[in-house]
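Here is the structure we will look at.
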Amino acid sequence: MRSDSWAKHPGNAGLSPDESTEVDSSRSGALRRWRLSLAVLMITAACPSVTMASQILPATGTVEIAFSPADDPEALLLRVIGEARESIRVQAYVFTSRAIAGGLIAAHGRGVKVEVLADAEMNRRGGRNAAIPALLEAKIPVAFETRYAAAHNKVLIVDPASPQCTVVTGSYNFTWSARNRNAENVLVLRENCALVQAYLENWLRHRTDAVSITALPWKP
């Protein structure tokens, strides 16, 4: 037979034994959740380097899209590069497009600050199809990412400090195949400067780990 001790608890006044059991279970569950929350807070406080899983930013500005091979993403990229007035920062996985390299060189020639990050393994050999030697010849700073199995970003960050701030992303590699043979996409997001700033901060983190190069082929 159940002990009558439950009836002596102030919180059980007026409750049947079954109802009291449910209340006790609820209290225990709440206590466990409180202890878990406290533990998470303590861990977070002890580890200030813990980062968020993602960022949520307001949707603003405009979005322009292009798909290959049905559209011409390279023409869109060249237009974005041509619109730059202050700076262009690039992240590339494979970079063989002479047209995009030419657009960056032209921007550099009119005073735009151009900097390029590229995957080391995919671009270190150079060769007749490589576009990076032309960038180096034009004195555009190029650095290779070596920290990752693949530096797979394909990004342009244009004029992040301007009201016309722009970021380009998507699956599109800077190659002939991406333009003519592959199914790819490009997103151009303009005038969402919080978004552009997030991409810029990520670019700067990657640049810290990258290795500056002056010639190809390159060996680590």
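Restricting attention to the stretch 110-131, the residues that are of a type outside the set (Asp, Glu) and farther than 21 Å from Val167 by Cα add up to 11.
Name the helices (runs of 4 or more DSSP H) wholly inside the stretch 57-129 in which the number of residues that are in contact with a strand residue (DSSP E or B) (Cβ under 7 Å, 6 or more places away or on another chain) and of a type in the set (A, V, I, L, M) is 2 or more.
Details: elements: 73-83, 98-109, 120-123.
Because the criterion is at least 2 residues that are in contact with a strand residue (DSSP E or B) (Cβ under 7 Å, 6 or more places away or on another chain) and of a type in the set (A, V, I, L, M), the helices (runs of 4 or more DSSP H) in the stretch 57-129 that meet it are 73-83, 98-109.
Quick grid of which residues meet (1) touching a helix residue (DSSP H, G or I) at 6+ places or on another chain (Cβ under 6 Å); (2) free of Cβ contacts under 8 Å to residues at least 60 places away in the same chain:
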site	(1), (2)
Arg147	yes, no
Asn153	no, no
Ala161	no, no
Asn185	no, no
Asn192	no, no
Tyr199	no, yes
Asn202	no, yes
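Condition (residue is in the same structural domain as Val80 (by TED's automatic domain parsing), basic (Lys, Arg), at pLDDT 95 or above and surrounded by 14 or more Cβ atoms within 10 Å (Cβ to Cβ)) applied to the stretch 117-137: is it met by at least one residue? Walk me through how you get there before you give the answer.
First pass over the stretch 117-137, keeping only residues in the same structural domain as Val80 (by TED's automatic domain parsing): 117-137.
Among the residues that remain, those that are also basic (Lys, Arg) are: 124-125, 128.
Filter once more, so that each one left must be at pLDDT 95 or above: none.
No, the stretch 117-137 contains no residue that is in the same structural domain as Val80 (by TED's automatic domain parsing), basic (Lys, Arg), at pLDDT 95 or above and surrounded by 14 or more Cβ atoms within 10 Å (Cβ to Cβ).
The values are calculated or read from the model by the stated rules, or taken from the named source; none is laboratory data. Note that the structure is predicted; figures quoted are calculated from it, not measured. Glycine also receives a Cβ, built like all others from the backbone with ideal geometry; neighbour counts cover every protein chain displayed.
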